[in-house]
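The values are calculated or read from the model by the stated rules, or taken from the named source; none is laboratory data. On a predicted model such as this, the values are computed, not experimentally measured, just so you know. Here Cβ is always computed from backbone atoms with ideal geometry, including for glycine, and neighbour counts include all displayed protein chains.
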Amino acid sequence: MDIGQPKRIIEIMPTAIPVPGELEPDLAPARTPEREPEREPQPAGPESADRRSR
Amino acid sequence: MSRTSTASPAGGLELTTGAEPIQAWRAWALTGTRDGDDLMLRPVARRSRPWKPRQPTEAACTLARFHRAPHPGCTCGLHGTHAVEILRKTKCPAVLGRVALWGTVIEHEYGYRARFAYPQRTRLICQFCFWMAGPYAAAPEHVGWFPKDDLMPICDEHLETASRYGLAPRHVLAAEAVDQRLRETYAVDALAV
């Protein structure tokens, strides 16, 4: 089947893969992993010692 | 589809990006058991690599193994066409449908070559009616089973002609049941032409 001369290249990263069911992870669209918010360090003290004992 | 365009070093072709799969026309061969189980869509040209149900099909180049399909300088990739009429030239098609294409897609004058694809809508066709009348031909009534599990949808008239010339299938199934089972297997909708 002759589909003629190439015209352009399209890179398609779909937000939803058009396949029913589960997907292999490497076939899913690439996403930037979300970073967990950094937590303030808890000061050591009677309150935190009390929390650990619970 | 929203696309952005950039200058491209890829063989001088324009490079664009998109977020929605491209919909195109495609024809497949069909295999299955004598009872119509294990239905599998296959490429018409090289039937060895099936399109597995509920999994994206990924292109692989059998001509040169050192590039990723589709390559601008090759003919590799999963093919789809802009117009359905061009598929009338396909050799022995059994299923006509719409296919979603994504990943790297090379657009040609009359169709596409893609890295990933999955059928969206399917319909059995009698290859002789399709060749003569195009996609508007009536749906086939039968599906013939041949050795090597080849399934050939065929209408009343052409089944009779095939039988007259000693080319009758070994076993005949009801096309409506096979058509429905194929759609359930791939979880796709019926193609209305």
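Given the criteria touching a residue at least 40 places away in the same chain (Cβ under 8 Å), of a type outside the set (Asp, Glu) and within 30 Å of B:Thr17 (Cα to Cα), does B:Ala94 qualify?
Working: touching a residue at least 40 places away in the same chain (Cβ under 8 Å): yes; of a type outside the set (Asp, Glu): yes; within 30 Å of B:Thr17 (Cα to Cα): no.
Criteria not met by B:Ala94.
Failed condition for B:Ala133, given (1) of a type outside the set (Asp, Glu); (2) closer than 21 Å to B:Ala27 by Cα; (3) touching a helix residue (DSSP H, G or I) at 6+ places or on another chain (Cβ under 7 Å), with all others met?
Only one criterion is unmet by B:Ala133, namely (3).
Filter the stretch B:17-46 down to residues that are within 14 Å of chain A (Cβ to nearest Cβ) and polar (S, T, N, Q) and give me whichever is nearest to B:Ile106 (Cα to Cα).
The initial filter retains those residues of the stretch B:17-46 that are within 14 Å of chain A (Cβ to nearest Cβ), namely B:17-29, B:41, B:43-46.
When the remaining residues are screened for being polar (S, T, N, Q), the result is B:17, B:23.
Numbers: B:Thr17: 11, B:Gln23: 13 Å.
Residue satisfying both the conditions and the ranking: B:Thr17.
Would you mind telling me which numbered condition in (1) more than 16 Å from A:Ile10 (Cα to Cα); (2) modelled with pLDDT of 95 or more B:Trp102 fails?
Single failed check for B:Trp102: (1).
The conditions are (1) under 19 Å from B:Glu184 (Cβ atoms); (2) in contact with a Cys (Cβ under 7 Å, 6 or more places away or on another chain), and B:Asp37 fails exactly one of them. Which is it?
Going through the list (1) under 19 Å from B:Glu184 (Cβ atoms); (2) in contact with a Cys (Cβ under 7 Å, 6 or more places away or on another chain), B:Asp37 breaks only (2).
Go through the stretch B:53-80 and give me each residue that's in contact (Cβ under 8 Å) with a residue 40 or more places away in the chain and over 28 Å from B:Asp38 (Cβ atoms).
Residues satisfying the conditions are B:Arg68, B:Pro70, B:Pro72, B:Gly73.
Scan the stretch B:173-189 for residues that are of a type outside the set (Asp, Glu) and under 18 Å from B:Met152 (Cα atoms) and jot them down.
Within the stretch B:173-189, B:Leu173, B:Ala174, B:Ala175, B:Ala177, B:Val178, B:Gln180, B:Arg181, B:Leu182, B:Arg183, B:Thr185 meet the criteria.
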